[in-house]
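Worksheet: one structure, shown below.
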Amino acid sequence: MKIYIQLILFVFTIIISAIQVVTAQEEPKILDYGEKMTYEIGGIDIVGAENRDRNAIKSISGLREGGKVQIPGPAVGAAIKALLKLRLFDDVQIYIEKIEDKVVFLKMVLVERPILSRWSYKGVKSGSHDDLNDLVKNIITKGGIVTDDQKELARTKIRKYFVEKGKLDAEVQVNEITEEGKTGTIRLEFVIDQKDRVKVEDIVFEGNKSFSDRKLRKKLSKTKRKGTLFKKTKFVEKDFQTDLKSLATFYHNEGYKNMTVISDSTYRNKDGNVMIIIKIDEGRRHYFRNIRWKGNSLYTDEQLYTVLGISKGDIYNPEMLQNRLKFSLDGRDISSLYLDDGYLAFDINPTEVSVENDSVDIEMRIFEGPQFTVENVVIRGNDRTNEHIVRREIRTKPGQKFSRSDIIRSQREIISLGYFNPEKMDIATPVNQARGTVNIEYTLEEKPSDQLELSAGYGGFSGLIGTLGVVFNNFSIANIRDRSTWSPLPQGDGQKLSVRLQSNSRFFKSYNFSFTEPWLGGKKPRSFTIGAVQTAFDYSLSGQGKLKITRGFVGIGSQMKWPDDFFSSNTTLNIEQINLDNFSSGGFSISKGSFNNFSLKQTFTRSSVSDPLFPRRGSRISLTLQVTPPYSLFRKAKFFEVSSEQENEIRKELAFENGPARPVTEAEVDAKKNELKEANKFKWLEYHKWKIASEWYYNIFDKLVVASIAKIGILGTFNNDIGVPPFERFELGGDGINNQNAGLQGKEIIAMRGYETKDITGNGSATSTGGFQGAPIYNKFTLELRYPLSLNPNSTIYMTSWIQGGNAYKSAKDYNPFDLKRSAGFGARVFLPMFGLLGFDYGWGFDKIRNRWQIWKV
């Protein structure tokens, strides 16, 4: 019996040593029964992983044909570990197929992990998919292998995404689903339960004595409690920590330099909302005491004190101090004194040298350094615009001393051209210390600047009105022969070519052409403009007569150096002829005649606005005077009276119109005489026209901008016996685009959102009777809030809300700047390079119940 048991154990030992199985679920175990033997590997048969390189698998495992392996031994276990480490396989098994003499043949069985084909989301709207994809694609890859660690990381990132939106209880589950009909392929499904946004129930402060809880809550710009107007309440830990820093900054800038947040705690109440408790130690309020200067040789202490603008006893405010030293937006700081005089290496460090009770002594440690001179001015990125067009706008010239204000002004002037993307503009100032020089490098990015206007509108009786207009803002006459510059017309010299056609085919036609050369002669910023306009109305089919206006103009503009170089001047000579042929549609006091309008218009403008599309700061003020010769002063008195010859012509004309059946009455004759008298008065228009406009822009915080705009216009006469002409008047109301029946008829239309032109008649009250055709005096005031959604130059979009007041007045005696027609509303502006600035407004006219959408274009 004992012999049989020994025989069975011997056979069992031989089987175990010949067939060794190691799986991926366990740490490989080398069974060590009997004496270890070293074999030559005669072959390795790999089963599975058909798409993987066989030689690479063998190489990574460390086992190869012709090599030696010890059985039992560590080589097989090491091979399994190496293959599993690749994270490509779910299971790795190595068998001994057979042994011939001292040659062993091995079999590797590999179970490959499935390949990811795609992933999807469940429980979220499609609008969030793009944001989630940006997170997931950085973790897992379509067509690759997905590990459990990767799935967990993706789940964590997705949950964090919703937590940062205030959904603290969000849950994410990852399901692995086998793709039907695709062997070895899976897809991932992220099942998301967003839960409700966790609101902030209340924010409580402890330890605050100088400021109320309400005021401190306002300093937490991102974390708001329930009931806050125009602000979603949610709790996001990262935003809360940012707000705590803002709270500390507020205290420090109020003089509490030692203020600290002792603790902040949050907990969830029974409703699941967050309660926040912030404990603070305000400390003592501090004040500036002695300020001393050290290292200054160019400017005296008194000069530096004047620029600094901080006196002994002022509240200690480190932010204001830094602004006065280095970062003032208006350039009135200490660093500007030096940087505008070439001291590029200038530095100043305010150091607290003494803090005694509530007083702080500051020592201003100055390093003036050497003066630097501009060596080269380099312009890059102007692919379409000729370099000299950019260079003539630049204030920094080689050989001049370095000046920061000149760089800032150059940046503003380049942006004002409208050819380059202001968001991508970069200015570098590499310094050569050894030579004491600096290069100034302007890096630009061209943007589309040409505009195409295509519009259609329905004008009731006038029918469908269509407009086609093109504006080429970077035109070049000199490049007409260079076909490489055509896109679609020659460009690169900054000239402006505008062509506009408008018609409804039946009643109305308008043609407009203008050309501007901004640098006449190429040496000075002196612009030259020439253009022509012709407008024709033909309502003869409806018995309302005809109107035709033909105008030509030529203008010269220049940049002024006094009072400062933000001023510009523009002088325009206008020659216009207005022909009326029994025209009654315009509502003029005259329906027939030919009238000449020969005027000179002078405009002075001061503009410090940097970005014309979305101004954030600066102002624009303009004064315009348009004047004609005072013809009546050189003509005999009562020159406009109807002569006996003209009266006879009137009687003959009326007799022909009435026929033999109806005799001519004296009332008919008097009416015609009065009309002819008016026509004689204004055969040569004489007037003086004044317009004042001001715009102020201020960046409140972030990108929120407030705009304050005021406009006033006055049309006066040289001779009271003649009076104010029926042309060149102001119409207030409408959307500013529907001017084919007003602005093109010798009048100037002023947009007034919330009102139609017939609602503001110039007699001090809003009526709906219609028929009003302009006033000699108007004013308008606007206060507007603007916030951009996109500052991309290819599609600038911003929202706006506004309040507005304005009115038109029939005479100076009726003028009352407080008698205004009020309105308010909201809207949006969209700038597209091909179409210009489009506006969409909804306005409420408080003094007239007529609220409607207004769509306008500037």
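The values are calculated or read from the model by the stated rules, or taken from the named source; none is laboratory data. Everything quoted here is computed from the prediction, not taken from an experiment. Don't worry about glycine lacking a Cβ; one is built from the backbone with ideal geometry, like all the others, and counts go over all protein chains shown. SASA here: full protein model, heavy atoms, side chains in, ligands and nucleic acids out. Shrake-Rupley method; radii C 1.70, N 1.55, O 1.52, S 1.80 Å.
Among the listed residues SER510, SER527, which satisfies the condition of being in contact with a Ser or Thr (Cβ under 7 Å, 6 or more places away or on another chain), under 27 Å from SER569 (Cα atoms) and either modelled with pLDDT of 85 or more or charged (D, E, K, R) (or both)?
Testing whether each residue is in contact with a Ser or Thr (Cβ under 7 Å, 6 or more places away or on another chain), under 27 Å from SER569 (Cα atoms) and either modelled with pLDDT of 85 or more or charged (D, E, K, R) (or both) leaves just SER527.
Going residue by residue through segment 473-481, is there one that turns out to be under 28 Å from PHE682 (Cβ atoms), open to solvent by less than 50 Å² (accessible area, probe 1.4 Å) and in a loop (DSSP other than H, G, I, E, B)?
No, segment 473-481 contains no residue that is under 28 Å from PHE682 (Cβ atoms), open to solvent by less than 50 Å² (accessible area, probe 1.4 Å) and in a loop (DSSP other than H, G, I, E, B).
Among the residues of segment 99-121 satisfying the criterion of being of a type in the set (D, E, K, R) and out of contact with any Phe, Trp or Tyr (no Cβ under 7 Å at 6 or more places or on another chain), which is farthest from GLY62 (Cα to Cα)? Reasoning before the result, please.
Within segment 99-121, the first condition is being of a type in the set (D, E, K, R), and the residues that meet it are 100-102, 107, 112-113, 118.
Next, only the ones that are out of contact with any Phe, Trp or Tyr (no Cβ under 7 Å at 6 or more places or on another chain) stay: 100-101, 118.
Values: GLU100: 22, ASP101: 23, ARG118: 34 Å.
Top of the filtered list is ARG118.
Could you pull out the residue among SER405, SER354, SER410 that is among the hydroxyl-bearing types (Ser, Thr, Tyr) and at pLDDT below 90?
Of the residues listed, the single one that is among the hydroxyl-bearing types (Ser, Thr, Tyr) and at pLDDT below 90 is SER405.
Within segment 700-709, track down each residue that is more than 30 Å from GLN602 (Cβ to Cβ), assigned to a strand (DSSP E or B), in contact (Cβ under 8 Å) with a residue 24 or more places away in the chain and open to solvent by 30 Å² or more (accessible area, probe 1.4 Å).
Matches in segment 700-709: LEU704, VAL706.
Show me the strands (runs of 3 or more DSSP E) found entirely inside segment 506-565 where at least 3 residues are touching an Asp or Glu at 6+ places or on another chain (Cβ under 7 Å).
Details: elements: 508-517, 526-538, 546-559.
Hits in segment 506-565: 546-559.
Checking the conditions here, which among LYS209, LYS257, LYS279 is farther than 30 Å from PRO350 by Cβ and basic (Lys, Arg)?
LYS279
Would you check if there is a residue in segment 398-419 being free of Cβ contacts under 8 Å to residues at least 24 places away in the same chain and not in a helix (DSSP H, G or I)?
no
Provide a single number: the residues in segment 544-577 that are closer than 30 Å to ARG506 by Cβ and either open to solvent by 50 Å² or more (accessible area, probe 1.4 Å) or at pLDDT 90 or above (or both).
Qualifying residue count for the region: 12.
Residue-wise test of (1) open to solvent by 30 Å² or more (accessible area, probe 1.4 Å); (2) over 29 Å from ALA434 (Cα atoms); (3) in contact with a Gly (Cβ under 7 Å, 6 or more places away or on another chain); (4) assigned to a helix (DSSP H, G or I).
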| residue | (1), (2), (3), (4) |
| --- | --- |
| GLU319 | yes, yes, no, yes |
| LEU325 | no, no, no, yes |
| GLY342 | no, no, no, no |
| ASN349 | yes, no, no, no |
| VAL355 | yes, yes, no, no |
| PRO370 | yes, no, yes, no |
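Scan segment 377-390 and tell me whether some residue there is part of a strand (DSSP E or B), open to solvent by 60 Å² or more (accessible area, probe 1.4 Å), within 30 Å of GLU441 (Cα to Cα) and modelled with pLDDT under 95.
yes
List the number of the failed condition for PRO660; all other conditions in (1) in contact (Cβ under 8 Å) with a residue 40 or more places away in the chain; (2) open to solvent by 20 Å² or more (accessible area, probe 1.4 Å) hold.
Tallying (1) in contact (Cβ under 8 Å) with a residue 40 or more places away in the chain; (2) open to solvent by 20 Å² or more (accessible area, probe 1.4 Å), PRO660 fails exactly one: (1).
Can you pull out every residue in segment 788-802 that is closer than 17 Å to VAL706 by Cβ and surrounded by 15 or more Cβ atoms within 10 Å (Cβ to Cβ)?
Listed by number, the residues that qualify are PRO788, TYR798, THR800, TRP802.
Between a first residue in segment 159-175 that is free of Cβ contacts under 8 Å to residues at least 12 places away in the same chain and a second residue that is open to solvent by less than 40 Å² (accessible area, probe 1.4 Å), which pairs have beta carbons less than 8 Å apart while being 6 or more apart in sequence or on different chains?
As it stands, the answer is none, since no pair meets every condition given.
May I ask you to list the residues in segment 253-272 that are in contact with a strand residue (DSSP E or B) (Cβ under 6 Å, 6 or more places away or on another chain) and either crowded, with 19+ Cβ neighbours inside 10 Å or part of a loop (DSSP other than H, G, I, E, B) (or both)?
Once the filter is applied, which keeps residues that are in contact with a strand residue (DSSP E or B) (Cβ under 6 Å, 6 or more places away or on another chain) and either crowded, with 19+ Cβ neighbours inside 10 Å or part of a loop (DSSP other than H, G, I, E, B) (or both), segment 253-272 yields GLY255, ASN269.
Considering every residue within segment 625-641, establish whether at least one is without any contact (Cβ under 8 Å) to a residue 24 or more places away in the chain and not in a loop (DSSP other than H, G, I, E, B).
Within segment 625-641, one or more residues are without any contact (Cβ under 8 Å) to a residue 24 or more places away in the chain and not in a loop (DSSP other than H, G, I, E, B).
Just need a number here: residues in segment 597-636 that are open to solvent by less than 30 Å² (accessible area, probe 1.4 Å) and of a type in the set (A, V, I, L, M, F, W, C).
2
In this structure, is ARG289 open to solvent by 70 Å² or more (accessible area, probe 1.4 Å), of a type in the set (Lys, Arg) and either out of contact with any helix residue (DSSP H, G or I) (no Cβ under 8 Å at 6 or more places or on another chain) or within 16 Å of ARG217 (Cβ to Cβ) (or both)?
The answer is no for ARG289.
Return only the number of the condition from (1) part of a loop (DSSP other than H, G, I, E, B); (2) in contact with an Asp or Glu (Cβ under 9 Å, 6 or more places away or on another chain) that MET275 does not satisfy.
(1)
Identify all residues within segment 671-693 that are surrounded by 14 or more Cβ atoms within 10 Å (Cβ to Cβ) and part of a helix (DSSP H, G or I); write none if there are none.
LYS672, LYS673, GLU675, LEU676, LYS677, GLU678, ALA679, ASN680, LYS681
Considering only segment 45-72, how many residues are part of a strand (DSSP E or B) and among the basic types (Lys, Arg)? Spell out the reasoning first.
Let us first name the residues in segment 45-72 that are part of a strand (DSSP E or B), namely 45-47, 68-71.
Remaining after also requiring among the basic types (Lys, Arg): 68.
The number of residues fulfilling the criteria is 1.
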